[in-house]
1. Looking at the stretch 112-126, can you tell me whether even one residue there is of a type in the set (Phe, Trp, Tyr), in a helix (DSSP H, G or I), modelled with pLDDT under 95 and not assigned by TED's automatic domain parsing to the domain that holds residue 94?
2. Would you confirm, using the coordinates I've provided, whether residue 97 is under 17 Å from the mean Cα position of the chain (by Cα) and of a type in the set (Gly, Ala, Ser)?
3. Among 44, 37, which is over 16 Å from the mean Cα position of the chain (by Cα) and not in a loop (DSSP other than H, G, I, E, B)?
4. So residue 144 fits all but one of (1) modelled with pLDDT under 90; (2) within 20 Å of residue 203 (Cβ to Cβ); what number is the exception?
5. Among the hydroxyl-bearing types (Ser, Thr, Tyr) and either touching a Ser or Thr at 6+ places or on another chain (Cβ under 8 Å) or under 28 Å from residue 174 (Cβ atoms) (or both), is that true of residue 120?
6. Suppose the filter is closer than 24 Å to residue 202 by Cβ and either at pLDDT 90 or above or touching a helix residue (DSSP H, G or I) at 6+ places or on another chain (Cβ under 9 Å) (or both); does residue 103 pass it?
7. Return the residues of the stretch 37-56 that are in contact (Cβ under 8 Å) with a residue 60 or more places away in the chain and more than 14 Å from residue 96 (Cβ to Cβ); say none if nothing qualifies.
8. If a residue has to be under 19 Å from residue 88 (Cα atoms) and surrounded by 15 or more Cβ atoms within 10 Å (Cβ to Cβ) to count, how many in the stretch 20-36 make the cut?
Amino acid sequence: MWERQVKLSLPQKRGVMAKVRSWGPTGQSNFDGKRGDVYSEIEDGYEVRVTLQRNEDGRLVCSRLELNYTASASAPTTPISSRFLQKLGFGELLREARETYVEFSKYNFDIYEDQEKEIYKEIKNWRLTGSAGFEDKKYSSLAFLYAEQIMLGNESPINYLSDLMKCDRETASSRVVEARKRGLLTKPKHGNVGGVLTKAGLKSLGME
């Protein structure tokens, strides 16, 4: 179903197997929030598979992580041990897996580079205050990027948006609230951070 693999460049970190890894999808997942599997070949002949699913707050959570030695039928020369797992760096693996899931979810909704540029253009350097006079498309673009940051595991999406819009956190937060009032972004069930782009939001962006 999916043929393209996503290559993610990782920063080199001391003590962690941080090298460029190529990730691809497995199974028939549409990466639309339901369970989806991604995999990557890692060092020493192993393959890692990660199952992710979006919860009600819009976060991609891991429900399965599997390591398989695929280099040969013989016993691995570097067996799985506490030291091996420590060097592997599960935090980095999950970050990459989330990025891969989000990347493939864009194909599910036929989101192309030009559309992404338009979304960023809608809110970049949005300095004027007040909600009057701004169409739903602008707030849907805001909701799209907010929800994407939630899926990627960003705990401070408001900071990301305020930097992008060149405004203070209070203004960015009030715009997220307005997007929710307009029915473009869901409210989190737990805490104050989280949300999913609604069907109305998708429709406003021409994705529904």
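The values are calculated or read from the model by the stated rules, or taken from the named source; none is laboratory data. Everything quoted here is computed from the prediction, not taken from an experiment. Cβ sites come from the backbone with ideal geometry, for glycine too, and all protein chains shown count toward neighbours.
1. Initial filter on the stretch 112-126 (of a type in the set (Phe, Trp, Tyr)): 112, 120, 126.
With the extra rule that they be in a helix (DSSP H, G or I), the set shrinks to 120.
When the remaining residues are screened for being modelled with pLDDT under 95, the result is 120.
Remaining after also requiring not assigned by TED's automatic domain parsing to the domain that holds residue 94: 120.
Checking the stretch 112-126: at least one residue is of a type in the set (Phe, Trp, Tyr), in a helix (DSSP H, G or I), modelled with pLDDT under 95 and not assigned by TED's automatic domain parsing to the domain that holds residue 94.
2. Details: under 17 Å from the mean Cα position of the chain (by Cα): yes; of a type in the set (Gly, Ala, Ser): yes.
When the stated conditions are applied, residue 97 passes them.
3. Numbers: 37 fails: over 16 Å from the mean Cα position of the chain (by Cα).
The conditions single out 44.
4. (1)
5. Numbers: among the hydroxyl-bearing types (Ser, Thr, Tyr): yes; either touching a Ser or Thr at 6+ places or on another chain (Cβ under 8 Å) or under 28 Å from residue 174 (Cβ atoms) (or both): yes.
Yes, satisfied.
6. Values: closer than 24 Å to residue 202 by Cβ: yes; either at pLDDT 90 or above or touching a helix residue (DSSP H, G or I) at 6+ places or on another chain (Cβ under 9 Å) (or both): yes.
Judged against the criteria, residue 103 is a match.
7. 54, 56
8. Pass one, the stretch 20-36, residues under 19 Å from residue 88 (Cα atoms): 20-24.
Then keep just the ones that are surrounded by 15 or more Cβ atoms within 10 Å (Cβ to Cβ); that gives 21, 23-24.
Of the residues in the stretch 20-36, 3 are under 19 Å from residue 88 (Cα atoms) and surrounded by 15 or more Cβ atoms within 10 Å (Cβ to Cβ).
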